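The values are calculated or read from the model by the stated rules, or taken from the named source; none is laboratory data. In this text, all values refer to a predicted model and were calculated from it rather than measured experimentally. Cβ coordinates were reconstructed from backbone atoms using ideal geometry, including for glycine residues, and neighbour counts include every protein chain displayed. Each accessible area value is taken on the protein alone, full model and side chains, heavy atoms only, with ligands, DNA and RNA left out. Shrake-Rupley method; radii C 1.70, N 1.55, O 1.52, S 1.80 Å.
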Amino acid sequence: MLRAFLDYHRATLAMKCEGLTDEELRQQSMPPSTLSLLGLVRHMAEVERAWFRRVFEDNDARLVWSDEIDFQAAYDASASTGGEAFAAWEAEVETSRRIEQEADSLDQAGHQPRWGEEVSLRMVMMHVLLEYGRHNGHADLLREGVDGTTGA
């Protein structure tokens, strides 16, 4: 069930970006926010990496767009392209899926370096699901602002 809901939310984010140009993907919501669909895709690549790769494979893995573990850096999509952002996000999603599928159990523990604590795969999947749910709400509003498209 966790896998299915995570994949649903991953697909929803991709769908909210379908058919848009790089310029449209970079379109920001409203001042003072700099949030954009492309920034969300970049951020979710960081989330996938931070919660799967860094917890279960390499605690020292650098983030995709920041050497200093600055999650805000991903939101700056001003010089990014859809191709670049989606390639990074899709690669992180595939790594996350592999880690989850290779696990013996959802109770498998990994080390969350930001917290200095052990966390279960179940907790990681729930956290990432929460991140997608929140940011897909943002994506709904951003897409509507770009071209009026609404709905799932």
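The figures follow:
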| read-out | value |
| --- | --- |
| Count of region 97-116 residues which are open to solvent by 50 Å² or more (accessible area, probe 1.4 Å), assigned to a loop (DSSP other than H, G, I, E, B) and at pLDDT 95 or above | 4 |
| Of residues in region 117-147 being small (Gly, Ala, Ser) and part of a helix (DSSP H, G or I), the one nearest to residue 54 (Cα to Cα) | 133 |
| Elements of type helices (runs of 4 or more DSSP H) contained in region 1-79, each with 1 or more residues being open to solvent by 60 Å² or more (accessible area, probe 1.4 Å) and in contact (Cβ under 8 Å) with a residue 12 or more places away in the chain | 2-17, 22-26 |
| Selection within region 98-152 - among the acidic types (Asp, Glu) and closer than 21 Å to residue 21 by Cβ | 140, 144, 147 |
| Hey, residue 86 among the aromatic types (Phe, Trp, Tyr), modelled with pLDDT of 95 or more and either out of contact with any His (no Cβ under 7 Å at 6 or more places or on another chain) or surrounded by fewer than 20 Cβ atoms within 10 Å (Cβ to Cβ) (or both) or not | yes |
| Single unsatisfied condition, residue 105 versus (1) touching an Asp or Glu at 6+ places or on another chain (Cβ under 9 Å); (2) more than 25 Å from residue 65 (Cβ to Cβ); (3) among the hydroxyl-bearing types (Ser, Thr, Tyr) | (1) |
| Qualifying residue in region 123-145 (condition: free of Cβ contacts under 8 Å to residues at least 60 places away in the same chain, farther than 20 Å from residue 45 by Cβ and either open to solvent by 20 Å² or more (accessible area, probe 1.4 Å) or not polar (S, T, N, Q) (or both)) | yes |
